[in-house]
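The values are calculated or read from the model by the stated rules, or taken from the named source; none is laboratory data. Model, not experiment: these values are computed from the prediction. When we count neighbours, we look across all protein chains shown, and the Cβ atoms used for this are built from the backbone with ideal geometry, even at glycine. These area figures cover heavy atoms from the full protein model, side chains too; ligands, DNA and RNA do not enter into them. Shrake-Rupley method; radii C 1.70, N 1.55, O 1.52, S 1.80 Å.
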There are 2 protein chains.
Amino acid sequence: VNLALLGFGNVARAFARLLLRKQETLLNDYGLELRVTGIATHSHGIAIDSSGIDLEAALAADMLDALHTGDPVEDSKAFLAACPAQFVIETTWLDPRTGQPATDYVRRALQLGRHVVTANKGPVAFAYRELKSLAAQKDLAFFFESTVMDGGPVLSTLREGLPATDITRIRGVLNSTTNALLCDMEGGTTFAESLRRLQELGIAEADPSNDVDGWDSTVKIVVLANVGMNADLRPQDVDRTGIGQVTPDRVRAAQEAGKRLKLICEAWREDGEVKAKVAPVEVPREDPLSIVEGTSGVVTFHADTLPALTLIESDPTPDTTAYGLLADIINAARGRRWSMVRRRF
Amino acid sequence: VNLALLGFGNVARAFARLLLRKQETLLNDYGLELRVTGIATHSHGIAIDSSGIDLEAALAADMLDALHTGDPVEDSKAFLAACPAQFVIETTWLDPRTGQPATDYVRRALQLGRHVVTANKGPVAFAYRELKSLAAQKDLAFFFESTVMDGGPVLSTLREGLPATDITRIRGVLNSTTNALLCDMEGGTTFAESLRRLQELGIAEADPSNDVDGWDSTVKIVVLANVGMNADLRPQDVDRTGIGQVTPDRVRAAQEAGKRLKLICEAWREDGEVKAKVAPVEVPREDPLSIVEGTSGVVTFHADTLPALTLIESDPTPDTTAYGLLADIINAARGRRWSMVRRRF
């Protein structure tokens, strides 16, 4: 099975290392030999080699062009068509307000008949129905486990663990930067001090507005609502409040009331529609959403068949996100699809 | 798709009602028309009808024999061979010390070429490798989601959500009666009072030793270790301590230390072997295992690819267990199997 990597940043590099480490398991347990036949980057060149790129060499190289064989390839779009692969693994940069250019890349890859595995929330938040139906028409997988809770099996649980279930409500703490900030503030650290600490650790970005203003949380609850509740939301439909206005007093008052302030993402059915909201909420200690520390994440599904199922992903690393990509590839290779009817007797 | 129900107690009856309720969803979303062609009970008769048994009538009847068509059927073994069905749904009574007669029924059903979905822990705790390999040889599903955490998607998460993962440790609170007892004792109720209350609610059994002595927890950790860690444990291999010796003082001391006493099931790798233990443990409040109240359950998987993934199933009902059976049937029907290699490119 040949893979084309679109994007070669931290997540894709962790994925390449995981691939090297899991080679034997994949072959022995799944009969899978995964080979990377191309890597395209924005500013570190493009390489295609139909006999397989040496991943150790690619990880060590600054520019990838030395690993390229054959005709020159102009850009990422040309790369998608030129790289001989059954899978496109999409991990490019994303504008969270538009979902581009990731959405265009995913659409193009599916049109070209490639299975798509992406770590980008944009395509699902902005074009899920279209891309899902395009994939279904061509019996292709379009998977994105790494978009929510860092590769923990949340989307595969919706797909495989909860068939024929009506999910009535989804609640979660899905953004690590804001959760780590609020936990720090509980310990008496100021917002500014905590932000500096998280930026030094590489958890918060230089421009933290995407996290702090609730955009990342918003996009994630849209992904979960669209997939789990058959909604057709866009990020702009979500009632969004970030944690920028949260004061130390509010954090302390919650603690004194035996609660914890968390940035809660929520989606629910109301009058036949799915609504969604992101806002800081005082959560009681007995609610599993209150328990997550630092960069951990949590989501609870309420459904007609199960009163409440909660998944907690503790202390994720970039390797966890990379694992989500690998799990998706294995599941696509063994025939899993979003479309539900697979076999009739 | 025809189903033979072996056992028609609370779980199977809840399953029959769920089947009636989900008929339309199954047909529309999964192209599945599930029909019960036979029901066998220990003391309420046996019915086979190849054109489909009226489930409303079966639920209302005391003896099933009036619903039977064709030649008389002597017992459950004869029923397995005589009932025209692709699936056997096994929910009979189980001796937790031997796993019988459920294990024999499951083996027989697989030998006859039926997919097997069971709510019985015995076959998995006592004969998992044999039954798994028998099912694989015949490309049959052998699923048992309802055996752990009441039908919450724990086993499907191992199968579908965590491929190519080495699970290094499993920890959980998996028995509802003992957890409800310990929670009651935290509130000052005595063991005896709490037990009486739980027996009145139908949560604890008349003879509570299977729960109180840790047998149920033991069998469940064996199921998870055998499936998730590729172990080959039997219940007698587990170092087992129940909660019979737990004093009110010990419960109170844990609370005063900011902890909660929980009956913890644990399996881990040690010197290349999988070991398992069941015992009451003082759990700190920041550990997700501490959070479960009453009959709720929780399990944490530690793995090479994910530091820790926790699943919490809150406030389960008999309908939750019934849902586990339905989820297994849908997954079997759409081609899911334990054997990992499903398709090659």
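Comparing A:Pro288, A:Pro316, A:Pro163 in a Gaussian network model of chain A, where Cα atoms under 10 Å apart are tied by springs, the biggest mean-square fluctuation is seen for A:Pro163. For the range B:229-301, the solvent-accessible area works out to 46 Å² per residue, with a probe of 1.4 Å and every protein chain left in place. Charges were assigned to the Cβ only: +1 to each Lys and Arg, -1 to each Asp and Glu. The resulting dipole of the protein assembly as shown about its Cα centre is roughly 1260 debye. When the helices of chain B are scored as -39500 (n - 2.57) per DSSP H run of n ≥ 4 and the total is divided over every residue, the value at 222 nm lands at -11000 deg cm²/dmol.
Put a label point 7 Å from Cα along the Cβ direction on B:Gly258, then list its distances to the equivalent points in the other copies in nm, shortest first. B:Gly258 label point versus its equivalents elsewhere: 1.7 nm.
Peptide A:315-321 is shielded by partner chain Cβ atoms: per residue, an average of 3 of them sit within 10 Å of its Cβ.
The Rg/Rh ratio for the protein assembly as shown is 0.98, where Rg is the radius of gyration of the alpha carbons and Rh is the Kirkwood radius.
Suppose we keep just the DSSP beta bridges with both residues in the protein assembly as shown; what percent of those would be antiparallel, to 5? Antiparallel bridges make up about 65 percent of those DSSP assigns within the protein assembly as shown. Relative to its residue count, the range B:200-345 spans a Cα convex hull of 166 Å³ per residue. Each part gets one Cα centre, and for the range B:149-166 versus the range B:184-217 those centres are 29 Å apart. Per residue of peptide A:325-334, the mean number of Cβ atoms on other chains within 10 Å of the residue Cβ is 4.
Taking all Cα pairs closer than 8 Å and separated by 6 or more residues, the relative contact order of chain A comes to 18 percent.
Antiparallel beta bridges, as assigned by DSSP with both residues in the range B:1-90, represent about 25 percent of the total such bridges. Working note: Cα atoms of the range B:240-308, range along each principal axis, descending, whole Å: 38, 24, 23. Among chain A residues, the beta-carbon with the smallest distance to the axis carrying A onto B is reported, with distance in whole Å, as A:Glu160, 2.
Label point of A:Thr189 (7 Å along Cα→beta-carbon): distances to the other copies' equivalent points are 4.1 nm, sorted ascending.
Chains B and A together bury some 5200 Å² of accessible area, summed over both sides, with a 1.4 Å probe. Per-residue 3J(HN,Hα) values for the range B:283-300, derived from phi via the Karplus relation 6.51 cos²θ - 1.76 cosθ + 1.60 with θ = phi - 60°, read 10, x, 5, 7, 7, x, 5, 6, 7, 6, 9, x, 8, 5, x, 8, 9, 10 Hz in sequence order (x marks Gly and Pro). Amide hydrogen proximity for B:Ala231: with H placed 1.01 Å from N in the peptide plane, the residues at 5 or more positions away or on another chain lying under 5 Å are B:Asn226.
At a threshold of 50 Å², the residues of the range B:155-195 that become less accessible to a 1.4 Å probe in the full protein assembly than in their chain on its own are B:Glu160, B:Pro163, B:Ala164.
Computed 3J(HN,Hα) for the range B:255-272, one whole-Hz value per residue from the Karplus formula 6.51 cos²θ - 1.76 cosθ + 1.60 where θ = phi - 60°, is 4, 5, 8, x, 10, 10, 7, 10, 7, 9, 9, 9, 9, 8, 8, 8, 6, x, glycine and proline marked x.
Once the Cα atoms are used to define both axes, helix A:122-137 deviates from the longest principal axis of chain A by about 50 degrees. Distances between copies of B:Ala57, taken at a point 7 Å out from Cα along the Cα→Cβ vector and listed shortest first: 7.4 nm. Under the simplified labelling scheme, the B:Arg250-A:Ala66 pair shows an inter-label distance of 6.4 nm, with each label point 7 Å from Cα along Cα→Cβ. In a simple Cβ point-charge model (Lys, Arg +1; Asp, Glu -1; nothing else charged), chain A has a dipole of about 1040 debye relative to its Cα centre. Of all DSSP beta bridges confined to chain A, the antiparallel ones make up roughly 65%. The coefficient of translational diffusion for chain B, derived via Stokes-Einstein from the alpha carbon Kirkwood radius under 10 °C and 1.306 mPa s, stands at 76 µm²/s. In the protein assembly as shown, a dipole from Cβ-located charges (positive for Lys and Arg, negative for Asp and Glu) runs towards its positive end, and of B:Val106, B:Thr305, A:Leu94 it is B:Val106 whose Cα lies farthest in that direction. Between the Cα long axis of helix A:318-333 and the first principal axis of chain A there is an angle of about 60°, rounded to the nearest 10.
For B:Val36, the residues whose modelled amide H falls within less than 5 Å of its own, excluding neighbours fewer than 5 places apart on the same chain, are B:Leu3, B:Ile53.
Pairing the Cα long axis of helix B:191-200 with the longest principal axis of chain B, what angle in degrees results, from 0 to 90 and rounded to the nearest 10? Result, in degrees: 20.
Taking 0.36 nm per residue of sequence separation and removing the Cα-Cα distance, the B:Asn28/B:Ser209 pair yields an extension gain of 60.7 nm.
Check A:Arg337: other-chain or 5+ apart residues with amide H under 5 Å from its amide H, H built from backbone geometry? For A:Arg337, no residues qualify.
Remark: the range A:24-180 carries a charge dipole of roughly 940 debye about the Cα centre, counting +1 on each Lys and Arg Cβ and -1 on each Asp and Glu Cβ. Near B:Leu182, once Lys and Arg are set to +1 and Asp and Glu to -1 for all other residues with Cβ below 9 Å from its Cβ, the sum equals 0.
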